[in-house]
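Please read the structure below before turning to the comments.
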Amino acid sequence: IVRDVPVELDLEETRFWTYDRSKVVELLTDLEFYNVIPKIPDSTGDTQGTQAELWTAPNRIRTDYTVVDTKDVFTRMVDELTMSKIVAFDVNASSSNFMDAGLIGLSFANKIGKGWYVPLGHEKGTQLLNDIIIDGLRRVLEGAVPKTAHNAAFDMTVLANHGINVANLSFDSMLAAHLCGRRAVGLNELALDSFNCEITPIAELIGTRRNKIAMSQVSIPAAAAYYAECADAALRLYDVSRQEVEEKQTARALDEVETPLISVIVKMQLNGVALESEVLRNMSIKLADQLSDIESVIYGVVGHEFNIKSSQQLGGILFDEMRLPRTKKTKTGYSTDASSLELLKTQLNSGESEGVDPRSREVLESVIEHRQLSKIKSTYVDTLPLLVNPTTGRIHTSYNQTGSATGRVSSNDPNVQNIPVRTDLGRRVRRAFVVQDPQEWLLLSADYSQIELRILAHLSLDPGLLDAFIKGEDIHQATASSVYGVPSDQIDSEMRRIAKVMNFGVIYGLSPFGISQQTGFSAEEGKEFIETYFARYPGIKDFIESTRTRVREDGYVETLMGRRRYIPEVSSSNFHVRAAGERMAINMPIQGTAADIIKLAMIRIQDRIDELRLKSKMIIQVHDELIFEVPREELQEMECIVEILMSSAMQLAVPLEVEIKRGANWGEMK
């Protein structure tokens with residue numbers, strides 16, 4: 001060991017807590033390590049800074065946050081807000097469920113650094129009576145002054161449930177961030193990323209896990225500091241985000257689609273849909289019996305019992321005992337997920353798997369069926385009755401405008417968009433969605449017919465595709481006739497099915513391997529079929545190639561309304577990642593434009609319902625379908641309104657067709 005190496009050590013230089021906290025925050029913001037930032041101490045080692053200190057230098061601002069607990073202060077606040085150019089607001093709710101949420105408080109900001117907090121439902125502290133101030137709050141929130149918020153749909157739904165209907169919302173910073181391609185759209189993350197300012201973590205107010213308290217138990221000063229800060233941040237984001245929206249040219253999608261849609265979604269969420277729980281309870285009993293029978297069949301074939309829901313135990317049965325081909329390797333063994341089991345089923349059906357146990361086909365098919373029944377039972381049949389609101393007697397799903405990169409609205413609690421459409425099980429679940437008085441009301445369903453293929457025809461301007469839609473032909477029949485080179489009247493059901501797979505496969509970037517999986521073709525036959533397809537529809541091939549070129553150059557693709565999706569994957573050195581990015585790029589302008597079209601239709605239909613003061617209600621949106629609850633005396637008028645406004649929502653090179661059905665429940669519509 002060399003012990004005389006010259007080492008110079010300055011102990012002062014090793015002293016901790018001497019870093020510049022603002023630079024650390026800036027770095028971690030760039031890296032999107034948002035959860036770490038609140039834990040970083042300042043240079044003195046103190047992690048519990050004051051309210052003002054949490055707005056980090058050099059962007060720290062002087063704040064003036066006022067608790068509104070006297071009539072004079074309340075009157076002064078209302079007068080000032082109603083004369084403002086724009087007002088940011090935020091709701092302190094007692095629950096994340098908008099139907100159960102009580103109003104704990106409201107915060108407002110109209111100038112950077114200045115905010116108010118109106119306590120309404122705290123357990124302790126001085127508060128004005130709600131009936132005294134409700135008119136003043138309506139003057140602000142229902143008045144002409146423009147408003148901005150972050151996740152306005154939730155706040156507006158809570159307020160509407162308490163009799164305050166927000167009007168003149170002009171901006172939502174969460175929607176703006178989503179349209180600009182930001183992955184993190186929370187208020188805290190945007191404040192950090194946009195102007196390097198931290199917002200107090202809410203856990204500091206209510207605690208976590210066992211120490212967590214209700215919002216109503218938080219002291220008024222602490223709640224005021226937090227919620228006024230949130231409104232203040234939302235106001236600051238208005239200028240920053242508006243500028244970014246303009247720079248990225250997504251203003252049209254924000255101003256004409258997303259922002260006007262918020263009020264429609266608020267009404268849909270409050271409307272809810274009636275559920276006949278008895279239908280699902282009976283279905284649950286029958287499914288339990290079916291599952292038990294399937295388990296008995298599987299155990300009988302295998303020769304012993306095991307836990308079908310355990311991937312490890314199921315893998316042992318399939319790959320060790322039944323000698324099925326190994327699937328992709330996971331941490332716990334070989335994969336038994338849905339796609340892996342379907343691939344095994346395809347291999348068995350094509351005769352590719354030699355040497356497997358002859359009992360394997362029956363076991364595999366029974367396991368797949370067990371999975372499907374079990375998922376439907378747990379996700380919908382047993383869960384939906386528990387979600388019925390005791391006050392309204394209806395289910396109130398929550399719609400999310402930022403839940404999809406393509407612009408589609410998603411839903412949760414419950415997710416009504418994932419109920420299987422074409423299976424008997426799915427139809428049986430949908431039969432439970434009903435009208436409460438079938439003698440007086442009906443459900444009206446309006447569904448776009450092949451909207452994504454029509455958008456593809458518009459974007460590609462392929463003569464064959466355009467001609468088929470303009471003539472009103474069966475597009476899959478026409479494709480089969482063109483690709484197989486036989487007259488339309490000689491196309492059989494199998495030829496039409498394969499043409500349908502190809503038509504929709506183009507939208508999702510189907511590969512020769514994908515074609516072979518869905519059609520029974522070999523990969524080589526799938527490749528030849530794709531080449532024949534593109535030879536018949538050269539405009540589609542040109543659209544795909546031009547999209548690939550454009551996304552490589554620009555880094556994004558966009559819809560007809562200017563909605564963008566940034567796809568950095570197309571620049572990846574990894575072939576599989578790059579190919580997946582290209583598939584996303586091809587699909588997004590089509591699926592995203594379809595999402596924009598139905599959103600425009602929703603806005604215009606709701607405007608017409610309000611204008612005519614109809615009793616009809618929009619209650620469900622599922623991708624290309626809208627469901628309405630309609631009084632029988634308004635049925636004819638609503639059918640006319642819906643068909644005209646949906647078919648004219650956007651002008652394309654081919655007509656938009658709408659299929660209208662009606663019935664007493666969602667599963668039996670004619």
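The values are calculated or read from the model by the stated rules, or taken from the named source; none is laboratory data. Predicted, not measured: the structure shown is a model, and the values here were computed from it. Cβ: placed from backbone, ideal geometry, glycine included. Neighbour counts: every protein chain shown. All accessible areas refer to the heavy atoms of the entire protein, side chains included, with ligands and DNA or RNA removed. Shrake-Rupley method; radii C 1.70, N 1.55, O 1.52, S 1.80 Å.
Add +1 for every Lys or Arg and -1 for every Asp or Glu among the other residues with Cβ under 10 Å from the Cβ of residue 582, and state the total. Present the calculation step by step, with values, prior to reporting the outcome.
Working: positive: 548, 552, 578, 583; negative: 569.
In short, +3.
Within the straight-line cut-off of under 18 Å between alpha carbons, the lysines reachable from residue 375 are 286, 309, sequence neighbours fewer than 8 places apart in one chain being disregarded. Note on residue 30 and residue 668: with the Förster distance fixed at 35 Å, the Cβ-Cβ geometry gives a FRET efficiency of about 0.05.
Which order, highest average first, do 301-309, 457-465, 223-231 follow once you tally other Cβ atoms within 10 Å for each residue and take the mean per peptide? Could the numbers behind the result be given before it?
On the way: 301-309: 13.0, 457-465: 20.0, 223-231: 26.1.
Highest-to-lowest ranking by the protection proxy: 223-231, 457-465, 301-309.
Which label marks the calculated value of Rg and Dmax of the Cα atoms in Å, given the options (1) 30.9, 107; (2) 29.0, 119; (3) 29.1, 99? Matching the structure shown: (3).
Remark: the Cα gyration tensor places the stretch 243-301 in the oblate category, a/c being 1.5 or greater and a/b not exceeding b/c.
Maximal additional length on extending the residue 418-residue 389 stretch stands at 8.4 nm, based on 0.36 nm per residue less the C-alpha distance.
Taking each pair of different alpha-carbon atoms in the stretch 514-636 once, compute 1/r for the pair, average those values, and report the inverse of that mean as the Kirkwood hydrodynamic radius in Å to one decimal.
It is 17.9 Å.
Please give the per residue accessible area of the stretch 427-469, computed with a probe of 1.4 Å over protein heavy atoms only, in Å². Working shown, then result.
Numbers: 1460 Å² over 43 residues.
On a per-residue basis, the stretch 427-469 sits at 34 Å².
Full extension of the chain between residue 362 and residue 131 yields a length gain of 76.4 nm, computed as 0.36 nm times the residue separation minus the alpha carbon distance. Taking all protein chains as present, what is the carbon and sulfur share of the accessible area of the chain, in % to the nearest whole number, probe 1.4 Å? Answer for the chain: carbon and sulfur cover 49 percent of the accessible area. The order of the peptides 275-282, 25-32 by mean Cβ neighbours within 10 Å, most packed first, is 275-282, 25-32. Taking a ≥ b ≥ c as the square roots of the eigenvalues of the alpha carbon gyration tensor, the stretch 251-336 is oblate, as a/c is not under 1.5 and a/b does not beat b/c. Annotation: amide H of residue 442 within the under-5 Å range of 630, 632, sequence separation 5 or more or interchain, hydrogens built in the peptide plane.
Given a Förster distance of 56 angstrom, what is the FRET efficiency for residue 252 paired with residue 331, based on the Cβ-Cβ distance and rounded to 0.05?
0.75
With +1 on each Lys and Arg Cβ and -1 on each Asp and Glu Cβ, and nothing else charged, work out how big the dipole of the chain is about its Cα centre, in Debye to the nearest 20. Walk me through the numbers before you get to the answer.
Values: 73 positive and 94 negative charges, 105 e Å.
With only Lys, Arg, Asp and Glu charged at Cβ, the dipole is about 500 debye.
Listed by chain and number, the lysines whose alpha-carbon sits under 18 Å from that of residue 527, ignoring those within fewer than 8 places in the same chain, are 500, 541.
Computed on the stretch 250-401, with alpha-carbon pairs under 8 angstrom and 6+ residues apart, the relative contact order is 37 percent.
Computed over the stretch 364-460, relative contact order equals 14 percent, with contacts defined as Cα pairs under 8 Å that lie 6+ residues apart. Summarising the label geometry, the points placed 7 Å from Cα in the beta-carbon direction at residue 296 and residue 343 lie 3.5 nm from one another. Figure legend: label point modelled 7 angstrom from the Cα of residue 139 along Cα→Cβ; residues of the stretch 77-115 with amide N under 13 Å from it are 77-84.
Seen through its C-alpha gyration tensor, with square-root eigenvalues sorted a ≥ b ≥ c, the stretch 369-447 comes out rounded because a/c lies under 1.5. Across the stretch 68-203, Cα-Cα pairs farther apart than 25 Å form 26% of the total. Take every Cα pair under 8 Å whose residues are at least 6 apart in sequence, average their separation, divide by the length of the chain, and the relative contact order is 13 percent.
A straight chain from residue 489 to residue 535 at 0.36 nm per residue would run longer than the Cα-Cα distance by 14.4 nm.
Each helix, a run of at least 4 DSSP H residues, gives -39500 (n - 2.57); summed and divided by the residues of the chain, these come to -14500 deg cm²/dmol at 222 nm.
By a straight-distance test (C-alpha under 22 Å), which lysines pair with residue 23 as possible cross-link partners, with residues fewer than eight away in the same chain excluded? In chain and number order, the partners are 39.
R0 = 22 Å: FRET efficiency of residue 62 with residue 222, Cβ-based, nearest 0.05? So the FRET efficiency works out to roughly 0.65.
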